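Some notes on the structure that comes next.
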Amino acid sequence: MAWGVEDLSLTERAVKIIEAGTNVVSGTTDVDAFQEAIEKGFVSMERVDSLIAQLLAEMFALGLFENPYKDVAHAIAVTNTPEKQAIAYKAHQKSVVVLKNKDHVLPLTKEKLLGKKVYVELFTKLYNEKEMETRRRIGNTVNTDEINASLPSLIRNSFPHLDIVDDYHDADVAILFAEPISGSYFEAAPTYLDLQIHEETNVDIEKIVAIRDAVDQTIINVNLDLPFILENIEPLADGLTASFDTFIQAILDVMLGEVNPSGKLPLTLPKNDAAVAVDEHGVCASPNDVPGYDKEKYMTIPYTYEDSQGNKYGLGFGLGYEN
C-alpha cells in the first residue's frame with residue numbers, strides 16, 4: 001500500500017523502497033514491480049545484492065542455518081512451570097474483549113443457565129493431509145474435526161455445571177468460536193488478505209445462521225489475529241467477544257462470569273470492504289499513514305465498525321459487566 005507516494009507508479013515505489021535500504025517488503029507477493037525496476041536499470045543488482053546480504057548476515061549470525069535446533073527440553077523446563085502458566089492464564093483472561101452484550105445476555109451465570117442446554121462448536125479451517133503433515137512437525141497434531149469431537153468433554157471438565165448437548169436443535173444456548181483464517185496455509189495470498197468472515201476465510205456462516213435460528217441465545221467469540229470485518233457475524237450474536245489466540249477456557253471464564261471482562265481492543269476494526277478497499281494502483285480508501293482511530297478525519301465514508309447496539313469497535317473499546 002502507498003504511504004504518501006500515491007502519485008507514483010508501482011515500479012517507482014519499488015525503486016524508492018530499494019533506494020531507502022529496505023530489506024523485506026511485507027503485505028504483498030507481487031514481485032513484478034521490483035523485477036521491472038531491476039531489469040530496466042532503475043536500480044542496480046549491486047544494490048539489491050547488498051540489501052539481501054545484510055538480511056542473510058543476520059540469519060547466519062543467529063545460527064538459523066548451521067545450528068537451527070536448540071535444546072527444546074531445556075526451553076520447556078524453563079518456561080513451562082506452574083507459576084508461569086498461572087501468569088499466562090491470567091493474561092489470557094484479561095485479554096478477552098466483550099464487544100456486544102444485547103439485553104445483558106452476558107455473563108451466562110449458573111442461575112441464567114439453570115435448566116438450559118448448551119451447544120458448543122469451533123468454526124475454522126479443516127486442514128488437508130498435506131497441511132497436517134506440516135502442522136504435526138510444530139506440535140499441532142489435532143485437526144478441527146477432532147477438536148470439535150472432544151470440545152464438549154474438554155469444556156465439561158472445566159465447567160461441569162454446563163449441560164452440553166451434541167445437537168444444536170436440542171439446545172437453548174449456543175456458544176460458538178469463530179477462528180477465520182485468511183490465505184492458504186502454504187501459500188501467501190495473491191493480493192491483499194481477505195478480512196471478511198465467511199466461507200472463504202473458513203467460517204461456515206450458513207451453519208451459524210441455522211444454529212442462531214434454532215436456539216434462544218447465541219454467543220460468539222471471534223479470534224482476531226487480523227482486524228477482521230464483523231458485518232457477517234455480529235448481527236447473528238446476542239453476545240460477542242473477541243480473543244487473540246486465547247485459551248478457550250479463559251474465553252469461557254469471561255462468558256460465564258468467572259471473571260469480569262477487562263480486555264480492550266488494541267486496534268480499530270474496519271466497517272466493511274469499502275473502508276479498506278485498495279485500487280489497482282495500490283491506493284487504499286483509508287489513509288495508511290493514519291492510525292485506525294483517526295482515519296475518518298480524512299475519509300468521506302465511515303471507517304469504524306458499529307454494531308446493532310450502537311457500539312463502535314475502535315481502539316480501546318471493551319465492555320464490562322459491572323458497568
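The values are calculated or read from the model by the stated rules, or taken from the named source; none is laboratory data. Keep in mind the model is a prediction, meaning the values are calculated, not measured. Glycine gets a Cβ as well: all are built from the backbone with ideal geometry, and neighbour counts include every protein chain shown.
Residues that are among the polar types (S, T, N, Q) and in a loop (DSSP other than H, G, I, E, B) were ranked within the stretch 299-323; the one that is modelled with the lowest pLDDT is 323.
The set of residues from the stretch 87-121 being of a type in the set (A, V, I, L, M, F, W, C) and assigned to a loop (DSSP other than H, G, I, E, B) comprises 96, 105, 106, 108, 114.
Picking from residues in the stretch 13-44 that are surrounded by 12 or more Cβ atoms within 10 Å (Cβ to Cβ) and of a type in the set (Lys, Arg), the one that is nearest to residue 286 (Cα to Cα) is 13. Kindly check whether there is at least one residue in the stretch 162-182 that is part of a loop (DSSP other than H, G, I, E, B), surrounded by fewer than 16 Cβ atoms within 10 Å (Cβ to Cβ) and without any contact (Cβ under 8 Å) to a residue 12 or more places away in the chain. Looking for residues that are part of a loop (DSSP other than H, G, I, E, B), surrounded by fewer than 16 Cβ atoms within 10 Å (Cβ to Cβ) and without any contact (Cβ under 8 Å) to a residue 12 or more places away in the chain, one finds none in the stretch 162-182, hence no. Every residue in the stretch 249-301 that is surrounded by 17 or more Cβ atoms within 10 Å (Cβ to Cβ), closer than 21 Å to residue 316 by Cβ, in the same structural domain as residue 174 (by TED's automatic domain parsing) and more than 17 Å from the chain's Cα centre (by Cα), please. Selection gives 254, 261.
Among the residues of the stretch 286-298, not a single one is part of a loop (DSSP other than H, G, I, E, B), modelled with pLDDT under 95 and closer than 20 Å to residue 96 by Cα.
Okay, residues lined up against (1) of a type in the set (S, T, N, Q); (2) in contact with a Leu (Cβ under 7 Å, 6 or more places away or on another chain); (3) not in a loop (DSSP other than H, G, I, E, B):
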site: 5; (1), (2), (3): no, no, no
site: 17; (1), (2), (3): no, no, yes
site: 26; (1), (2), (3): yes, no, no
site: 37; (1), (2), (3): no, no, yes
site: 53; (1), (2), (3): no, no, yes
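For residue 10, are the conditions met, namely being modelled with pLDDT of 95 or more, of a type in the set (A, V, I, L, M, F, W, C) and surrounded by 14 or more Cβ atoms within 10 Å (Cβ to Cβ)? Taking the combined requirement at face value, the residue does not satisfy it. Among the residues of the stretch 45-70, just one is of a type in the set (Lys, Arg) and surrounded by fewer than 10 Cβ atoms within 10 Å (Cβ to Cβ), namely 70.
Restricted to the stretch 122-161, and to residues there that are in contact (Cβ under 8 Å) with a residue 12 or more places away in the chain and in a loop (DSSP other than H, G, I, E, B), the residue that is nearest to residue 211 (Cα to Cα) is 124. Within the stretch 77-97, residues that are in the same structural domain as residue 247 (by TED's automatic domain parsing) and free of Cβ contacts under 8 Å to residues at least 60 places away in the same chain have Cβ atoms under 9 Å from residues that are in a helix (DSSP H, G or I) and of a type in the set (A, V, I, L, M) in these pairs: 84/78; 90/250; 91/250, counting only partners at least 6 apart in sequence or on another chain. Residue 84 meets all of the listed conditions (1) closer than 20 Å to residue 250 by Cβ; (2) outside any helix (DSSP H, G or I); (3) modelled with pLDDT of 90 or more but one, namely (2).
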